[in-house]
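Structure, as structure tokens:
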Amino acid sequence: MTYLSPGTGYDYAEFDVIVVGAGMAGMSAATAAAHRGARVAVLDRAPAIGGSALMSSGYVWAIASADELLAEDSGEFQRHGQVIVEGYAEIQRWLETLSPSLGDETPVLAGRGRKFDLGLMFLAMARDIQRRNGVILPGTRIRDADRTREGTYHLEIDREGADTKHLSSAALVLATGGRQADPEVRRRLAGGAGTPVLRGNPYSDGAGVALACSLGASANLSNLGFYGHLFAVGVSPVAPIDFTSFALYHSEHSILLDRAGRRFTDESRGDHNNAMAVAGHGGSALLIWSQKVQEQAATTAFVTASRRMNRFEISKDRGGRVARAADREEIRSILPDLGYQDCLGTLSDVVSPLLREGDVYLAEVSPAVTFTFGGISVDGDGVAQDASGNAIAGLYAAGADMGDIYHRGYGGGLSAAAITGRRAGHAAAGVARRKAARPGGAN
Ligand SMILES: Cc1cc2nc3c(=O)[nH]c(=O)nc-3n(C[C@H](O)[C@H](O)[C@H](O)COP(=O)(O)OP(=O)(O)OC[C@H]3O[C@@H](n4cnc5c(N)ncnc54)[C@H](O)[C@@H]3O)c2cc1C
């Protein structure tokens, strides 16, 4: 066996566990596996580790009970949400051992959670992995993967400026962060009506699902749920800060109309659910809110994780289709520009009470997608399943690669990644240990 550090050249290396993706799920998996004594390799296509977690607001939160989970997400494909509800307390304790949280528990969307400094968290995880002889290989492209009849995983990889390498392991954890970086996937989420903006890292384009399927697993791509937020049509993120500066969190206190002037969802379910509702209803809608909501939106944090900023003005300055009107006449003149002239009839009823509070604010909105809910099918232990529901030994999916944690609601992304990642890493190390204990050794 050749077992060398990433700086040195090698053509072939054996590991106990290979983790694909170094975001919250992958690094949690690798850290957990390393703690259980496994030799780990973590591969990431991006030039640096961290994935969407390092763009996030850092709240590790979850829904508190099964009933509340059902109230938030009663979708038919919500099959694993309970794992996050039940795993919350333990994952908080574990993360605290790696890097202390930044404050007390606070309400977040439909649950509660704590903010962590995820930069320090990743630093702690990377130290733990490397201290235990693991390797972390950013900038790695997987060219090929297969699984022998004995259940050993082989990967052929390329790293910039280096020759092709071959890695093998007893267990493989897929944690590439979902499918949303593929524009076709985002188009499908919006029913083919336009291509929603990407609100996350640019590398998570479905490689985990593709790898899993090439190794015999199945995926549920009928789950068209996703986590995201509404953006004004026309804005274009140029930095991760835009993922929060453009998000119109206050849509939960606003009104959404379609082109025929109809309301089509209960907006109070939250901006993240409004994004899914708009995606499922033609891909764009007209958002209307009052002066009072505008003032609150500009001055308060609408969700715990949102920064205080005037998102209406930011969207206006950055090319968003937004407008402000002082009376009915002004609204009438604006609607054709926004493409909502057929709304005039309904709008009169809607805006009358709003105009009593001052100006009315309007935006044409469409969803921006952070991560997809449809992904690799797994059993109750996170092991990938084939189309008949049989477990594929040693193959795990975690985080946004794992399908059906949520469907029509959302109960936390970082907690889902950390909980399912840690579980997968722990189990993968167990698989490797059992294989190593067999006569003839690991691979
Ligand atoms: C602006 C923003 C704010 C957010 N705020 C919060 C919050 O406060 N709380 C919360 O719970 N959630 C939040 N989220 C969501 C949260 O960040 C994600 O749910 C979580 O990070 C997903 O973790 P993951 O490990 O599954 O995927 P990712 O973090 O996306 O990691 C996947 C990794 O896989 C890599 N990868 C992709 N393809 C390949 C490949 N072919 N080979 C190797 N590697 C590959 C990627 O480069 C990436 O590093 C936020 C997200 C954003 C964008």
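The values are calculated or read from the model by the stated rules, or taken from the named source; none is laboratory data. Quick caveat: nothing in here was measured; it's all calculated off a predicted structure. Cβ atoms come from the backbone with ideal geometry, glycine included; neighbour counts cover every protein chain shown. Areas reflect the complete protein model, heavy atoms only, side chains present, ligands, DNA and RNA absent. Shrake-Rupley method; radii C 1.70, N 1.55, O 1.52, S 1.80 Å.
Descriptive notes on the structure:
- The length gained by stretching the chain between Ala193 and Arg332 to full extension, at 0.36 nm per residue less their Cα-Cα distance, is 47.4 nm.
- Cα Rg over Rh - the chain, Kirkwood: 1.02
- Rounded to the nearest 20, the size of the Cβ-charge dipole of segment 195-266 about its Cα centre is 160 debye, with Lys and Arg at +1 and Asp and Glu at -1.
- Counting only DSSP beta bridges with both residues in segment 27-185, the antiparallel share comes to about 85 percent.
- Dipole magnitude for the chain: computed about the Cα centre from +1 point charges on Lys and Arg Cβ and -1 point charges on Asp and Glu Cβ, it is near 840 debye.
- Once both labels are positioned 7 Å from their Cα atoms along Cα-to-Cβ, the gap between Asp386 and Arg259 label points is 4.7 nm.
- Whole-percent carbon and sulfur share, accessible surface of segment 325-432, 1.4 Å: 47 percent
- Between helix 328-338 and the chain: long-axis angle, C-alpha atoms, 0 to 90°, nearest 10: 40 degrees
- Counted residue by residue at 0.36 nm each, then reduced by the alpha carbon distance between them, the extension gain from Ala66 to Asn133 reaches 20.2 nm.
- Normalised contact order of segment 83-158, rounded percent, pairs of Cα under 8 Å and 6 or more residues apart: 17 percent
- Between Leu123 and Ala298, the C-beta separation translates, for a Förster distance of 35 Å, into a calculated FRET efficiency of about 0.50.
- Classification of segment 1-151 by its C-alpha gyration tensor yields a prolate form. The axis ratio a/c (a ≥ b ≥ c) is 1.5 or more, and a/b outweighs b/c.
- When you filter the GluC sites (Glu not before Pro) in segment 121-174 for DSSP loop state and at most 14 other Cβ atoms inside 10 Å of their Cβ, you are left with Glu150, Glu160.
- A simple spin-label model places the labels of Gln341 and Val238 3.4 nm from each other, with each point 7 Å out along Cα-to-Cβ.
- The chain: most fluctuating residue of Ser169, Ser74, Ser333 per GNM, C-alpha cutoff 10 Å: Ser333
- Residue-normalised accessible area of segment 137-217, given per residue in Å² at a 1.4 Å probe: 43 Å²
- Apportionment of accessible area to carbon and sulfur, segment 8-146, percent (1.4 Å): 48 percent
- Nearest-20 debye value, segment 265-409 charge dipole, Cβ charges on Lys, Arg, Asp, Glu: 420 debye
- Residue-averaged 222 nm ellipticity for the chain, from DSSP H runs of 4+ at -39500 (n - 2.57), nearest 500: -9500 deg cm²/dmol
- The spacing between segment 57-77 and segment 280-312, judged by their C-alpha centroids, is 22 Å.
- Relative packing of peptides 412-421, 80-89, 199-208, 396-405 - highest average C-beta neighbours within 10 Å first: 396-405, 412-421, 199-208, 80-89
- Calculated FRET value between Arg307 and Thr106, using beta carbons and R₀ = 25 Å, to 0.05: 0.95
- Extending 7 Å from Cα along the Cβ direction at Asp379 and again at Ser268 yields two label points whose distance is 4.3 nm.
- On a per residue basis, segment 275-370 carries 43 Å² of accessible surface, using protein heavy atoms and a 1.4 Å probe.
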